[in-house]
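Presented below is the structure to which this report refers.
The values are calculated or read from the model by the stated rules, or taken from the named source; none is laboratory data. For clarity, every value in this text was computed on a predicted model and none was experimentally measured. No Cβ is skipped: glycine too gets one built from the backbone with ideal geometry, and neighbour counts run over all protein chains shown. Just so you know, the surface numbers come from the protein's heavy atoms only, side chains and all, with ligands and any DNA or RNA stripped out. Shrake-Rupley method; radii C 1.70, N 1.55, O 1.52, S 1.80 Å.
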Amino acid sequence: MSYKFESNKDFSEQLDHEDILSEFRNKFYLPENTIYMDGNSLGLQPKEAEKSVNRVIKEWKEYAIKGWMSGDKPWFYLPEEIGKKCARIVGADENEVILTGSTTVNIHSMISTFYTPQGRRTKILADELNFPSDIYALKGQILMKGLDPEKELILIKSENGRYLDEHKIVESMTNEVALIFLPSVLFRSGQLLDMKYLIQEAHKKGILIGFDCCHSAGVIPHQFDEWNLDFAVFCSYKYMNGGPGSTAFLYINKTHFDKKPLLSGWYGCEKTKQFDMNIEFEHAQNAGGWQISTQGLLSAAPVETALDIILDAGMDKIREKSKKITSYLAYLIDFYLSKPPYHFKIGTPLDPEKRSGHIAIEHETEAVRIGKALLDNKIIPDFRPPNIIRIAPAPLYNTYLETWKVVQTLKKIIDTKEYENYSKERGTVS
Ligand SMILES: Cc1ncc(COP(=O)(O)O)c(C=O)c1O
């Protein structure tokens, strides 16, 4: 789909007028007098989130230990119940998704189950642009098998530091590869990998494949079952708006329910037998089998209400707006900011089908200082080294007018050389 945009402010207001998701903005708390463009790092708070946290606080007060089995939403079943809702968002059966752990813990858990080096097939295929935590986990898992990550972890290289070529990934699927683990979306550039194609090719070669979907869950429709994906992990705090550090998800294809959870814990027991306290671990034959510990209810509760908003809006509409608003942002950056003295480059695929929900803008020399100036202008993006400002117009709550204002502010920061007032040192959290 190609869009026809205009560069003036009125046009942004016209786009807001036609916005298919405009009613959803009101469901979130928006930081005062601020343009928030960081929903790819931490989604905003849904107004209903407070209610669900307060519900658990009240249940704790009133029921104490009985809360596990009492009330409208007994705590004991909540991870499964929230998993069912999430399954509708990612195209899975209801027992294939569970709310549990954190992304990195879930990567450890999935790799410990799926990485079974045997004979020639001993290697894990990953990529050099993945989020560092994923690579740390893969290396740790290889070490735990008594093997050497220098030999067994193959990291596909990027030719330009931004993107990966899917055909190159397929060429690296040799008969030495035991397992493939990739991001659905590259966290810096926002490139969306063709998951369906990669899954098909991996399976043709007899290799299992999993994905880190942190940067696609809640903004890109997935069909995990239809694509026959083996497993996936993803957080709930970015486009899913579940809250800071909220509990993550894992998906495991039902054909693998009989595999062993090796980070085993009593929460993975078949639920009717969990309290038998048998020291022989019999895991539940569903995604719940990969739970490890007692679920923290206060960080689980807001995820449910956040998912309700996504289900209400519908993933197709979310994706439709996301493609349009990121295309609009790319258009404005090109129109206003690509030539001297601005020198911004777009480091995200221009084809909306090939990207997720943010645009990475690169400034060779001044990205840190420009990012700081944006913050003082009450615009919140984030910075990723060495030279990237990520701007994420979230389809559920950002407007086209806000997007237009971000670009005008960037222009002003360069026109007035405002960025020169800041140091080049990056903050601890950026
Ligand atoms: C793509 C990706 N994977 C993994 C992680 C790590 O997540 P966690 O800290 O929840 O384990 C992040 C965090 O932002 C991420 O963006």
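Evaluated on region 51-312, the Kirkwood hydrodynamic radius is 18.9 Å, with distances taken between all distinct Cα atoms. Stokes-Einstein diffusion for region 314-356, with the hydrodynamic radius set to the Kirkwood value over Cα pairs and evaluated at 25 °C in a medium of 0.890 mPa s, equals 219 µm²/s. When GLU304, GLU80, GLU32 are compared by accessible surface with a 1.4 Å probe, the order from highest to lowest is GLU32, GLU80, GLU304.
Carbon-plus-sulfur accessible fraction, the chain (probe radius 1.4 Å, protein heavy atoms only): 52%. Using 0.36 nm per residue and subtracting the Cα-Cα separation, the extra length available between GLU23 and LYS205 on full extension is 60.9 nm. Which entries in LYS271/LYS317; LYS51/LYS85; LYS139/LYS196; LYS151/LYS273; LYS238/LYS273 show an alpha-carbon gap greater than 30 Å? Violating the 30 Å Cα-Cα cut-off are LYS271/LYS317; LYS151/LYS273; LYS238/LYS273. With the Cα gyration tensor of region 342-409 giving a ≥ b ≥ c as the square roots of its eigenvalues, does the rule (a/c under 1.5 for rounded; else a/b larger than b/c for prolate; else oblate) give rounded, prolate or oblate? The shape class here is oblate. Quick one: angle between helix 195-204 and the longest Cα principal axis of the chain, in degrees between 0 and 90, rounded to 10, please. On a 0 to 90 degree scale, this one is about 40.
Could you please report the charge total around VAL53, scoring K, R as +1 and D, E as -1 over all other residues with beta-carbon less than 14 angstrom from its beta-carbon? Combined, the nearby Lys, Arg, Asp and Glu give +2. Label-to-label distance for ASP351 and LYS339 is 2.9 nm, based on points extended 7 Å past Cα in the beta-carbon direction. Straightening the chain between THR416 and ASP276 buys 43.4 nm, computed as 0.36 nm per residue apart minus the Cα-Cα spacing. Within the assembled protein chains, the solvent-accessible surface assigned to GLU425 is about 140 Å², based on a 1.4 Å probe.
Accessible surface computed residue by residue for region 1-130, with neighbouring protein chains in place and a 1.4 Å probe, gives 52 Å² per residue. A 1.4 Å probe over all protein chains sorts LYS205, LYS317 by accessible area into LYS317, LYS205, starting with the largest. Shape of region 1-45 from its Cα gyration tensor (a ≥ b ≥ c, root eigenvalues): rounded if a/c is under 1.5, otherwise prolate when a/b > b/c, or oblate? It is prolate, given that a/c is not under 1.5 and a/b is the larger ratio. Going by accessible surface with a 1.4 Å probe and the largest first, MET277, MET37 read MET277, MET37. Most tightly packed first, judged by the mean number of other beta-carbon atoms within 10 Å of their residues, the peptides 3-16, 115-128 read 115-128, 3-16.
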